[in-house]
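Novice: Pasting a structure here, questions to come.
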Amino acid sequence: MTDSSPIIDLSDIVRRCDELLAHAWMVRTFIKHGEEIDDYPELMGIVRSVFDISRALETRQADPVGYVRMLNKKVGKLRKASEQFAVDALKASTHTNFQQAVRSMNVCVRELLTLSAHGQKLLAALPPTAITNSTDEDDES
């Protein structure tokens, strides 16, 4: 699902996260437009969480430092939503589509957590001026 080439800089993290979030967005779309949402509104948790992280990160694509900082803030919420989704989705349906949606979200979250951790290491290696110059005027939680 993800590129296996080495991560060289923060721009690589931004690019890879963007690719992963495209997969998460497709899960969001599948759930949001599925008939099961009427009987299982708790499925909207993953829909909202994917939307939240996607929108928060897309506003920082031109600022890799701010992007990685926001990723670190948002990925935990996505992880929790994905864990709940794994429970809720299989209550809604055991159809292969739901099983695969759960697997897909698990892969996305696992990879995003790995990228976030790697990004934190890269941030720690940057000179302080590079970090303070980042645009984090609206750092949301």
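The values are calculated or read from the model by the stated rules, or taken from the named source; none is laboratory data. In this text the structure is predicted, and so the values were computed from the model without any measurement. All Cβ positions, glycine included, derive from the backbone under ideal geometry; neighbour counts span all protein chains shown.
Novice: Filtering the range 61-74 down to residues that are surrounded by fewer than 21 Cβ atoms within 10 Å (Cβ to Cβ), without any contact (Cβ under 8 Å) to a residue 60 or more places away in the chain and not small (Gly, Ala, Ser), which residue is farthest from MET26 (Cα to Cα)?
Specialist: ASN72
Novice: Of the residues ALA101, ALA86, which is modelled with pLDDT of 95 or more, over 18 Å from ALA117 (Cα atoms), surrounded by 21 or more Cβ atoms within 10 Å (Cβ to Cβ) and not polar (S, T, N, Q)? Give the steps one after another, and end with the answer.
Specialist: On the way: ALA86 fails: surrounded by 21 or more Cβ atoms within 10 Å (Cβ to Cβ).
Step by step, each of ALA101, ALA86 is checked, and only ALA101 is modelled with pLDDT of 95 or more, over 18 Å from ALA117 (Cα atoms), surrounded by 21 or more Cβ atoms within 10 Å (Cβ to Cβ) and not polar (S, T, N, Q).
Novice: Quick one: ALA62 ticks every box in (1) out of contact with any helix residue (DSSP H, G or I) (no Cβ under 8 Å at 6 or more places or on another chain); (2) assigned to a helix (DSSP H, G or I); (3) not hydroxyl-bearing (Ser, Thr, Tyr) except a single one, so which number is it?
Specialist: Evaluating ALA62 over (1) out of contact with any helix residue (DSSP H, G or I) (no Cβ under 8 Å at 6 or more places or on another chain); (2) assigned to a helix (DSSP H, G or I); (3) not hydroxyl-bearing (Ser, Thr, Tyr) leaves (2) as the failure.
Novice: Answer yes or no: is there a residue in the range 39-49 that is closer than 15 Å to GLU111 by Cβ and basic (Lys, Arg). Talk me through it step by step, then tell me what you get.
Specialist: So in the range 39-49, the residues closer than 15 Å to GLU111 by Cβ come out as none.
Checking the range 39-49: not a single residue is closer than 15 Å to GLU111 by Cβ and basic (Lys, Arg).
Novice: Related question: Which of the residues belonging to the range 18-41 are under 19 Å from LEU90 (Cβ atoms), charged (D, E, K, R) and under 19 Å from the mean Cα position of the chain (by Cα)?
Specialist: Matches in the range 18-41: ARG28, LYS32.
Novice: Output yes when any residue across the range 38-50 is free of Cβ contacts under 8 Å to residues at least 60 places away in the same chain, closer than 23 Å to GLN120 by Cβ and part of a helix (DSSP H, G or I), and no when none is. Give the derivation first.
Specialist: Taking the range 38-50 first, the residues free of Cβ contacts under 8 Å to residues at least 60 places away in the same chain are 38-50.
Filter once more, so that each one left must be closer than 23 Å to GLN120 by Cβ: 49-50.
With part of a helix (DSSP H, G or I) added as a condition, the list becomes 49-50.
Looking through the range 38-50, at least one residue is free of Cβ contacts under 8 Å to residues at least 60 places away in the same chain, closer than 23 Å to GLN120 by Cβ and part of a helix (DSSP H, G or I).
Novice: If I filter the range 51-60 for residues that are more than 27 Å from PHE98 (Cβ to Cβ) and either among the basic types (Lys, Arg) or buried (at least 17 other Cβ atoms within 10 Å of the Cβ) (or both), do I get at least one hit?
Specialist: Checked against the condition, which is being more than 27 Å from PHE98 (Cβ to Cβ) and either among the basic types (Lys, Arg) or buried (at least 17 other Cβ atoms within 10 Å of the Cβ) (or both), the range 51-60 yields at least one hit.
Novice: For THR94, all conditions in the list (1) in a helix (DSSP H, G or I); (2) farther than 23 Å from LEU126 by Cβ; (3) of a type in the set (S, T, N, Q) hold save one; what is the number of the exception?
Specialist: (1) is the only condition that THR94 fails.
Novice: For the range 1-58, how many residues meet the condition of being among the hydroxyl-bearing types (Ser, Thr, Tyr) and modelled with pLDDT of 95 or more? Spell out how you get there, then give the answer.
Specialist: Restricting attention to the range 1-58, the residues satisfying the condition of being among the hydroxyl-bearing types (Ser, Thr, Tyr) are 2, 4-5, 11, 29, 40, 49, 54.
Still in the list and also modelled with pLDDT of 95 or more: 29, 49, 54.
Summing the residues that are among the hydroxyl-bearing types (Ser, Thr, Tyr) and modelled with pLDDT of 95 or more in the range 1-58 gives 3.
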